[in-house]
Each structure stands twice: as C-alpha cells, then as structure tokens.
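In what follows, a structure is listed as structure tokens, so that the remarks can point back to it.
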Amino acid sequence: MNHRNLLAPAILSAALLAGCAAMGGDGPRATAALTPTTGNQTMGSVTFTQSGDKVIVAGEVRGLTPGRDHGFHVHEKGDCSSGDGMSTGGHFNPAGSPHGQHGLGAHHAGDLVSLKADASGVARFKFESTTIRVGSGNNDVVGRGLIVHRDPDDYRTQPTGNAGPRLACAVITRN
C-alpha cells in the first residue's frame, strides 16, 4: 500500500480547513448583490459574516470612478425600488448617533469604511465592524439596504456625510 496516496487527502483536507478558518467567521452570514441605480454602471457583491462580536465585511464593487473614494453605508430600508436608491431611506442608525467615520468615535451603525477604487474603477475590500450584527440584535443588518455613493464621505456633514448620489443599491439578505 502506498502511504503517499493515503496522506494526500489528509493534507488537502487540512489545507482546505485552514483556508476556511483564515477567511474568518463561522457565524450567521448575509449577502448583498449591488445593482446599478438608474443611469449608473456600479455593481458588486458583499458578504457580512458574524464572527464573535465582530462582523467581517468583504466584497468587490466595479464601475466606480478610478482612483477615488466612495461613501459606503447600510441604510434603514431594504428597498431598492425607486431607481435612484432613495427608497432605502437614511443611514441605519438604531442608537441615534451622529454621522461619523467607521471605527473612530461616534457614528451611525451603518457608517461603513469608504471604498477606494483602483485605476480600473474596482474596489476590493475586507474589514471588521463591531457596530453591526448579522441575524440578531438592534444592529442587525439583515433586511436593510446597502448603498454605494458617488462621492467620498466627509465624515462631518449631518446626517449624510455629503457622499452624493447613490450609484448602486442592494438588499442585505441572510444566507
């Protein structure tokens, strides 16, 4: 019997498990398929994975202005029916906090990290949030809207961040 033939599946299984663990998060998961608002071409996909007290937010968005930052927010309503994304309402803010920068002081639960487009207009990202949840609690993003904005978030203008028109919209759904 060839021991290498027995060992290969075990090594492959261990490598696959290590790869899954490195991706982070084994708790509830939600996804959002961003579609362009009327007259725009921005689209992408985002996953939200609960991992302990953090949510890992990861994804890719295409059709952005190359080399530019774009506001990125969870909005109150999971409704993209208006064509311009306005049917999602304002930023998701169950605690009534002021608008601000994700991870730095007071901010809406829905204030996420701004997206930075590369030279081809693509933003690839992965970050952690402790202000949102997947599947439970007041800060649960399931059923909420997800919006990509045209402009950078200034982190000061209340309550929007002056991030401009909505380029893409999605409803966050639990997997």
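Screening the candidates Thr47, Thr131 for the property of being modelled with pLDDT of 95 or more and among the hydroxyl-bearing types (Ser, Thr, Tyr) yields one hit, Thr47.
Restricting Asn93, Asn138 to residues that are touching a residue at least 24 places away in the same chain (Cβ under 8 Å), more than 18 Å from Thr47 (Cα to Cα) and touching a Pro at 6+ places or on another chain (Cβ under 7 Å) narrows the list to Asn138.
Only one of the listed residues (Ala58, Ala30) is at pLDDT 95 or above, farther than 21 Å from Gly164 by Cα, of a type outside the set (Val, Ile, Thr) and in contact with a helix residue (DSSP H, G or I) (Cβ under 9 Å, 6 or more places away or on another chain). That residue is Ala58.
Tell me, please, whether a residue that is under 30 Å from Asp26 (Cα atoms), of a type in the set (D, E, K, R) and part of a strand (DSSP E or B) can be found in segment 134-145. Yes, because at least one residue in segment 134-145 is under 30 Å from Asp26 (Cα atoms), of a type in the set (D, E, K, R) and part of a strand (DSSP E or B).
The values are calculated or read from the model by the stated rules, or taken from the named source; none is laboratory data. As the structure is a prediction and not an experimental result, all values here were calculated from the model. When we count neighbours, we look across all protein chains shown, and the Cβ atoms used for this are built from the backbone with ideal geometry, even at glycine.
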